[in-house]
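Colleague: Have a look at this one.
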């Protein structure tokens, strides 16, 4: 009796597994989808969404489940865009209610088309706006640096000031300027140091302090690595002119 019952139960279990909703995969899809949208990668975004929806068609369509899936994905996208300083409600007409729209869908195909259209719109917006927005962010970063040269500024400091993730800011800065933020900071501080030393109004340790270096020895090491000579060498050169 046990032997004859087992195959039937196994078939039932396999059947139930086939019809269950892969929530873990939904969360992973949301993560990948959000990343693709952030970088305006429409092709990847639509492929990721289509692949997940294809898996969902193995399960019967239930409106409550579909709405939950839609909300899960939309919430992850919203937070991802917010992380780069973009409020999703700025991209869609006032009054749009994602829940109400999701409740109107009566099949996986309708849900998929609705999500795809919104994903494409988001990618298009990112593609059109990213250059202008990125340059504005970089201008803000540069302005912050020049107004705080006396501090040991880090990329995290600016990220906190602008309420944007540090990694994202670093990527934008490199994309727009062609150099890393760290390299830019070194260049700006060293060029300013050269100017101050040549003017002859400050001692080396004073220049170091005014440019955010807590350790004059580290300042000298950085200066030599950047210019090829020490601050003292520069003073000597200036005095010989």
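Colleague: Segment 131-180: D in µm²/s via Stokes-Einstein (Kirkwood Rh, Cα pairs, 10 °C, 1.306 mPa s)? Don't skip to the answer; put the middle values down first.
Modeller: Numbers: Rh = 10.9 Å.
Answer from the Stokes-Einstein relation: 146 µm²/s.
Colleague: What relative contact order, as a whole-number percentage, does segment 182-240 give when Cα pairs under 8 Å and 6 or more residues apart are counted?
Modeller: 32 percent
Colleague: Same structure again: Debye sum, Cα scatterers, segment 94-184, no solvent: what log₁₀ I/I(0) at q = 0.15, 0.16 1/Å?
Modeller: Log10 I(q)/I(0), no solvent term: -0.70, -0.73.
Colleague: Now, a different point. Scattering from the C-alpha atoms of segment 182-240 alone, worked out with Debye: what is log10 I(q)/I(0) at q = 0.22, 0.27 1/Å?
Modeller: The Cα Debye sum returns log10 ratios of -0.79, -1.22.
Colleague: Quick check: residue separation of residue 136 and residue 27 times 0.36 nm, minus the Cα distance between them. What number comes out in nm?
Modeller: Values: separation 109, 0.36 × 109 = 39.24 nm, distance 3.24 nm.
Going from the current span to full extension adds 36.0 nm.
Colleague: Using a 7 Å offset from the Cα along the Cα-to-Cβ direction at both residue 175 and residue 99, what is the distance between the two label points in nm, to one decimal?
Modeller: Those two pseudo-labels are separated by 3.4 nm.
Colleague: State the Cα centre-to-centre distance between segment 199-215 and segment 104-122 in whole Å.
Modeller: Taking the Cα centre of segment 104-122 as reference, the centre of segment 199-215 is 60 Å away.
Colleague: Which order do 189, 127 fall in if you start with the one that has the fewest other Cβ atoms within 10 Å?
Modeller: Numbers: 189 24, 127 13.
Lowest to highest Cβ neighbour count: 127, 189.
Colleague: Here's something else I'd like to know. What is the order of 160, 41, fewest Cβ neighbours within 10 Å to most? Don't jump to the answer; show the numbers that get you there.
Modeller: Numbers: 160 11, 41 16.
Taking fewest neighbouring Cβ atoms as first place, the list is 160, 41.
Colleague: Using only alpha carbon pairs under 8 Å that are at least six residues apart, calculate the relative contact order of segment 131-180 and give it in whole percent.
Modeller: Numbers: 22 pairs, mean separation 18.9, N = 50.
The value is 38 percent.
Colleague: Among 99, 123, which comes first, then next, by fewest other beta-carbon atoms within 10 Å?
Modeller: On the way: 99 10, 123 21.
With the sparsest Cβ surroundings first, the list reads 99, 123.
Quick note: the coordinates plus some simple rules give every number you see, no bench work behind them. A quick note: this is a predicted structure, and the numbers were derived from the prediction, not measured. So basically every Cβ, Gly included, is an ideal-geometry build from the backbone, and we count neighbours across all protein chains shown.
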